[in-house]
């Protein structure tokens with residue numbers, strides 16, 4: 001609430017101060033730089049030509065900037081320098097009142113200029129508008145930098161953690177030594193069928209069994225003998 005009240009009061013005071021300076025500067029423009037220089041010379045102002053040009057430009061253009069609220073502090077400093085010079089070289093020996101050509105008016109204008117130089121012109125003006133824009137950009141940039149600082153960093157060109165899926169072909173063998181390229185593994189050849197198992201053989205036949213077999217082949221009756229020992 002106080003800040004808003006200050007902005008409104010600063011706007012009113014700033015516009016009034018700017019109008020006063022524009023009126024005095026425009027009066028000097030209408031009179032001409034030559035006439036203004038001659039008037040300063042008659043009042044005993046040092047370097048009257050330079051002083052006349054300075055006061056004419058500063059009061060006219062500075063008053064417009066003060067009304068717009070642009071560059072309020074630099075303009076207020078220029079106003080303060082001009083009013084101090086007017087008080088010291090022209091009005092100091094004439095008292096306070098304006099009727100006696102005293103320092104009443106330049107003193108009041110200088111005090112207001114000092115106030116704006118110290119506190120600024122408030123938020124209602126071009127300075128306040130531009131300041132709000134740059135402040136928001138700065139806050140956005142700071143937020144982006146903070147977000148980037150806390151974001152996880154992915155190493156560029158680092159080893160990938162993704163394991164390739166096993167396909168129908170055989171996978172590559174790992175290198176046995178560092179720096180040796182991996183050799184692709186040859187596909188396994190189909191296994192040959194094993195040899196046919198031999199039928200189980202009986203134990204060796206003795207001589208008597210062989211004679212029995214020969215007798216059967218030759219159709220001779222077998223001789224009676226003892227049964228073979230199995």
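The values are calculated or read from the model by the stated rules, or taken from the named source; none is laboratory data. No experiment lies behind these values; they were computed from the predicted model shown. Every residue, glycine as well, gets a Cβ built from its backbone with ideal geometry; the counts of neighbours run over all protein chains shown.
From the list 45, 75, the lone residue that is farther than 21 Å from residue 16 by Cβ and buried (at least 18 other Cβ atoms within 10 Å of the Cβ) is 45.
Residues satisfying the criterion are present in the range 91-99 (criterion: surrounded by 18 or more Cβ atoms within 10 Å (Cβ to Cβ), assigned to a helix (DSSP H, G or I) and in contact (Cβ under 8 Å) with a residue 12 or more places away in the chain). For the range 64-72, the condition holds for no residue, the condition being that it is exposed (fewer than 15 other Cβ atoms within 10 Å of the Cβ) and part of a helix (DSSP H, G or I). You will find that of 108, 16, 10, the residue that is in a helix (DSSP H, G or I), in contact with a helix residue (DSSP H, G or I) (Cβ under 8 Å, 6 or more places away or on another chain), under 25 Å from residue 125 (Cβ atoms) and modelled with pLDDT of 95 or more is 10 and no other.
Rundown of residues vs (1) without any contact (Cβ under 8 Å) to a residue 12 or more places away in the chain; (2) more than 18 Å from residue 68 (Cα to Cα); (3) loosely packed, with under 10 Cβ neighbours inside 10 Å, yes/no style:
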| residue | (1), (2), (3) |
| --- | --- |
| 116 | no, no, no |
| 122 | no, no, no |
| 125 | no, no, no |
| 132 | yes, no, no |
| 137 | yes, yes, no |
| 140 | yes, yes, no |
| 143 | yes, yes, no |
| 147 | yes, yes, yes |
| 151 | yes, yes, yes |
